[in-house]
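K.L.:
Shown below is the structure under consideration.
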Amino acid sequence: MEYVLLGLLILKSQTIYEMNKAFQQGIALFYRASYGSLQTALKKLMQQGYIGFEEEVDAGRNKKVYYITGKGKEAFMEWMEADLPASRLESTALSKVFFLGLIDGKLKKQGIIQRIINQIQLAAAELQHMDEAYQQFKVQDSYKEVFVYQLKTLDYGIQTHRFAKEWFEGLLGELQNVKDGMES
C-alpha cells in the first residue's frame, strides 16, 4: 500500500481524506484500504523519510497535506521497476499499471510490463505443476466430490493467470506500437 500512496502523492499533495477518496473511486478495484491502514502506511512512510506534511487551516479546521520527498520519489521509481511478490501478484501488477504513466520512456514502461509477464508465467507454471501433481492423487471415495471442487479452484487460478498473461502481452504490444515521444 505504501507505494500506491507514494504514487498518489507524486500526482499531487493530498490529505488523508483525499487519498481515501482515491482508493474508493478507483484503486479499490484492485487494492482495498481502510482509513486505519492508510494512517498506518502514512506513519511508516513518514518514518522512512519518503513523505512529509504541511498543516493548513481550512474553514477553521487544521488538516495535514502530505507531500512526497525526493527520497520517496526515488523509492517509488525503484519499486516500479522491481520484481513483483508472488503473494500479491495481481494487486501489485495492477498498481504498477495504474501508475505507469509516471514512468518516463517507452523502454522503461516495456521493461516493467515484461517483468510482470515474467512473474505471471512463473506463477502459472507453479499452478500447472500443482495441477499435474494433484491429477495423480488417489482420493478416498468419501472425499472425491470435495476434491473435484478443490481442483476447480486450482483451474480458476490457472485460467486467471492465462487471461492476465494475454492481457499484459496486449498492453506490451500497445506500448511497442507507440512511437517514441507519442505515448499516451
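Computed from the coordinates by the stated procedures, all read-outs in this text should not be read as laboratory data. Model, not experiment: these values are computed from the prediction. Cβ placement follows ideal geometry from the backbone for every residue including glycine, while neighbour counts extend to all protein chains displayed.
K.L.:
What's the long-distance tail for the chain, i.e. % of Cα pairs beyond 30 Å? Let's see the in-between values first.
P.N.:
Details: 6034 of 16836 pairs.
Of the Cα pairs, 36 percent sit more than 30 Å apart.
K.L.:
Which of the aspartates and glutamates could be linked to residue 63 by a straight reach, that is with a Cα gap under 17 Å, when you skip same-chain ones fewer than 8 residues away?
P.N.:
Partners found: 18, 54, 55.
K.L.:
Please report, for the Cα atoms of the stretch 87-177, the Rg to one decimal and the Dmax as a whole number; what are they, in angstrom?
P.N.:
17.2, 58
K.L.:
Going by average Cβ neighbours within 10 Å, how do the peptides 117-123, 146-152, 98-104 rank, with the highest at the top?
P.N.:
117-123, 98-104, 146-152
K.L.:
Can you tell me what percent of all Cα-Cα pairs in the stretch 2-82 are more than 21 Å apart?
P.N.:
Of the Cα pairs, 26 percent sit more than 21 Å apart.
K.L.:
Can you give the FRET efficiency for residue 160 and residue 138, using 1/(1 + (r/R0)^6), R0 = 25 Å, r = Cβ-Cβ distance, to the nearest 0.05?
P.N.:
Result of the calculation: an efficiency of 0.35.
K.L.:
Residue by residue, what Karplus-based ³J(HN,Hα) values in Hz, rounded to whole numbers, does the stretch 157-172 have, using 6.51, -1.76 and 1.60 with θ = phi - 60° and x for Gly and Pro?
P.N.:
So the Karplus estimates, Gly and Pro as x, are x, 5, 5, 4, 5, 4, 4, 4, 4, 4, 5, 5, 5, x, 5, 4 Hz.
K.L.:
Just want to confirm a number: the relative contact order over the chain, from Cα pairs under 8 angstrom separated by 6+ residues, in percent.
P.N.:
20
K.L.:
To continue, here is another question. Based on alpha-carbon centroids, what's the gap between the stretch 13-42 and the stretch 123-173 in Å, whole number please?
P.N.:
The two parts, judged by their Cα centres, are 32 Å apart.
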